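What follows is one structure encoded as structure tokens, with my remarks underneath.
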Amino acid sequence: MEKVITCINCPVGCRMTVMLSDAGDVLSVSGNTCPRGDKYARQECMLPLRVITAVLPVPGSPTPLSVKTASPVPKDAIPEVMRELSRVRPVLPVHAGDVIVKNILDTGADIVATRSLL
Ligand code: SF4
């Protein structure tokens, strides 16, 4: 089976062709200009990961808090992580880089603030 994937690691956006076995294993990757593309294509076929960004309301602040996962989480976990984040209300003051939720839903990723709200 053949799968076409666009690398999102840099603005070049190489279009890569991934050959998969019937069992879904990656047999080859072509079309990438650098090794990062090969790694991304294999990861995308086996276990797609994404960094999640969100904006949370903060009690007492007219400005919401932008947050993100400190590391990528499985793409399948995004809806559940977003549901969990909808219940989170950060407490002022918050500094950029503060951990808002540790190891959200046991994904291994912390939710961190991407800005300060004092
Ligand atoms: S394969 Fe390399 S050059 Fe091509 S988009 Fe990915 S990171 Fe950029």
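What follows draws every value from the coordinates through simple rules; no lab data is involved. What you see is a predicted model, and the numbers here were worked out from it, not measured in a lab. For neighbour counting, all protein chains shown are included, and Cβ atoms are generated from backbone atoms with ideal geometry for every residue, glycine included.
Packing, as the average of other Cβ atoms within 10 Å across residues, places the peptides 72-83, 18-29 in the order 72-83, 18-29, highest first. Once a ≥ b ≥ c are taken as the square roots of the eigenvalues of the Cα gyration tensor of the chain, is the result rounded (a/c under 1.5), prolate (a/b larger than b/c) or oblate (a/b not larger than b/c)? In terms of gyration-tensor shape, prolate.
Decide, for segment 53-113, between rounded, prolate and oblate: order the square roots of the alpha carbon gyration tensor eigenvalues as a ≥ b ≥ c, take rounded if a/c falls under 1.5, and otherwise choose prolate if a/b is larger than b/c, else oblate. Cα axes put segment 53-113 in the prolate bin. Here segment 69-118 and segment 1-63 have alpha carbon centers that stand 21 Å from each other. Converting phi to 3J(HN,Hα) with the Karplus coefficients 6.51, -1.76 and 1.60 and the offset θ = phi - 60°, segment 63-72 yields 9, x, 9, 7, 9, 8, 6, 6, 8, x Hz in sequence order, with x at every glycine or proline. Report summary: the helix-based calculation at 222 nm, which adds -39500 (n - 2.57) for every DSSP H run with n ≥ 4 and divides by the residues of the chain, gives -5000 deg cm²/dmol.
All other residues with a Cβ under 9 Å from the Cβ of residue 112 taken together, and with Lys, Arg as +1 and Asp, Glu as -1, what is their net charge? Local net charge: -1.
Summing +1 for each Lys or Arg and -1 for each Asp or Glu, what net charge is found among the other residues whose Cβ lies under 13 Å from the Cβ of residue 30?
Net charge in that neighbourhood comes out at +1.
Charge dipole (Cα centre; +1 on Lys/Arg Cβ, -1 on Asp/Glu Cβ; no other charges) of the chain amounts to roughly 400 debye.
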